[in-house]
Amino acid sequence: MPRNMKRLLYSAAIFCLAMLGLSACKGTGGSADRHGSADTIALAACPTFSADSAMKYIQGQCNFGPRVTGTPQSRACAEYIAALFRLYGAKVETQQCAVRIWDGTQLEATNIIASINPDNTDRILLCAHWDSRPWADNDPDAANHHKPILGANDGASGVAVMIELCRLLSMQGVDTGIDFVCFDAEDLGTPQWAEGMDDTSQTWCLGSYHWAAKACETGYKARFGILLDMVGGFGSVFHREVVSMNYAEPVVNLVWRLGRQLGYSHYFPLSDGGMLIDDHVNVNRIARIPCIDIVPHFNEGPSSFGPTWHTIGDTPENIDPNVLEAVGQTLTQLIYNDNEKI
């Protein structure tokens with residue numbers, strides 16, 4: 001197993017940092033305990049999430065090629081994503097920031113922020129990264145280790161789910177404010193072939209770091225946040241991620257309860273996964289918004305993130321619409337359900 005697996009950090013130091021956030025979010029909403037026991041939730045009437053639409057949005061992003069931060073392909077795809085959110089009624093703004101990667105190179109990154117009901121102070125945050133990794137450094141063929149990945153799952157899938165959710169909201173609105181944030185520069189962490197050349201813990205999730213700092217500066221608040229990362233791969237199972245449980249256990253419990261009640265218990269087992277350094281850490285620690293990570297955990301194979309993770313095989317044909325549906329319909333129910341507020 002590669003030492004610097006995508007933000008995997010089973011360290012006591014980060015665990016302690018996560019524990020510091022417990023007082024900020026525990027005791028707010030949700031009746032389920034850590035083991036997932038809860039009464040049945042009264043489900044809301046809500047639209048049907050279309051996995052076919054989400055697949056089209058994945059393909060649309062991949063049509064630009066690898067969306068490596070700062071490249072022409074990246075800038076073109078940013079316009080495509082922003083245009084879709086605008087088409088479905090969101091107020092869209094972009095947030096520019098300069099980021100410095102593992103080798104000292106400085107790049108211009110772009111976060112995309114799309115808001116529904118922007119004047120409502122009662123808000124929910126949904127987020128995903130939209131950039132793709134510049135290096136297929138976990139590919140089984142070493143000849144591919146310096147090639148960029150297409151990122152159909154690792155990047156495009158989470159964004160596609162959010163665009164489809166925005167489309168549903170354009171047809172059947174809600175009163176709650178919803179913010180869809182697409183983070184850039186998430187996947188620029190030190191490649192495996194360059195490990196030891198820098199402090200690898202500082203090279204991931206650069207766009208979300210900037211967004212979270214700005215959110216803190218401007219006083220942006222949301223009741224909770226949900227990060228979507230790699231939510232379309234075949235064989236995906238979403239165990240409860242450790243940092244999510246430490247910072248935002250009520251949110252984890254509600255999402256997992258809804259998913260299981262909707263018939264997706266296979267995808268949302270009542271078991272714990274790994275501890276990740278992912279964009280939700282910045283949302284929790286810097287923006288102080290209790291945020292969870294819906295991210296797969298594979299118990300077998302070359303990576304705990306699945307067989308296509310950081311390989312040139314991360315392409316649209318390796319996306320499973322059933323996984324997109326499980327995540328997308330669960331979040332649709334969450335957005336439209338006013339019976340369980342956190």
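The values are calculated or read from the model by the stated rules, or taken from the named source; none is laboratory data. Since we're looking at a predicted model, the values are computed, not measured. Cβ sites come from the backbone with ideal geometry, for glycine too, and all protein chains shown count toward neighbours. Each accessible area value is taken on the protein alone, full model and side chains, heavy atoms only, with ligands, DNA and RNA left out. Shrake-Rupley method; radii C 1.70, N 1.55, O 1.52, S 1.80 Å.
Backbone amide hydrogens, once placed in the peptide plane, bring Arg240 within less than 5 Å of Ser271, Asp272, Gly273, excluding anything fewer than 5 places away on its chain.
With a 1.4 Å probe and every protein chain kept in, tell me what percent of the accessible surface of the chain is carbon plus sulfur.
Values: 6720 of 13000 Å².
The computed percentage sits at 52.
Looking at the chain alone, DSSP beta bridges between its own residues are antiparallel in about 50 percent of cases.
Residues whose amide H falls under 5 Å from that of Phe298, counting only those 5 or more places apart or on a different chain, are Phe305, Gly306, with hydrogens built in the peptide plane. Among the protein heavy atoms, those of Thr121 account for about 130 Å² of accessible surface (1.4 Å probe, every chain in place).
State the Cα centre-to-centre distance between segment 110-134 and segment 224-273 in whole Å. Comparing the Cα centres of segment 110-134 and segment 224-273, I get a distance of 19 Å.
What residue among Gln261, Gly60, Thr311 has its Cα farthest toward the positive end of the dipole of the chain, where the charges are +1 on Lys, Arg and -1 on Asp, Glu, each on the Cβ? The Cα lying farthest towards the positive end belongs to Gln261.
Relative contact order, whole percent, for the chain stands at 27, derived from Cα pairs under 8 Å and 6 or more residues apart.
Rolling a 1.4 Å probe across the protein heavy atoms gives segment 215-263 an accessible surface of 26 Å² per residue.
Across segment 40-45, computed HN-Hα scalar couplings (Karplus, 6.51 cos²θ - 1.76 cosθ + 1.60, θ = phi - 60°) run 5, 8, 6, 6, 8, 6 Hz from first to last residue, x flagging Gly and Pro. In this structure, the amide hydrogen of Ser132, modeled 1.01 Å from its nitrogen in the peptide plane, lies closer than 5 angstrom to those of Arg67, Val68, Thr69, counting only residues at least 5 positions away or on a different chain.
For segment 145-187, list residues with backbone N below 19 Å from a point placed 7 Å from the Cα of Gln59 toward its Cβ? Residues 150-165, 167 qualify, since their backbone N sits under 19 Å from the label point.
Under a 1.4 angstrom probe, counting protein chains only, how are Trp130, Trp193 ranked by accessible area, largest first?
The ordering from most to least exposed comes out as Trp193, Trp130.
In this rough spin-label picture, where each label sits 7 Å from Cα along the Cβ direction, the Ser271-Thr48 distance is 3.2 nm.
For the chain, with only Lys/Arg (+1) and Asp/Glu (-1) charged at the beta-carbon, what is the dipole magnitude about the Cα centre, in debye rounded to 20?
Working: 24 positive and 38 negative charges, 126 e Å.
Magnitude of the dipole: close to 600 debye.
What you get for segment 87-195, charging only the Cβ of Lys and Arg (+1) and of Asp and Glu (-1), is a dipole of about 240 debye around the Cα centre.
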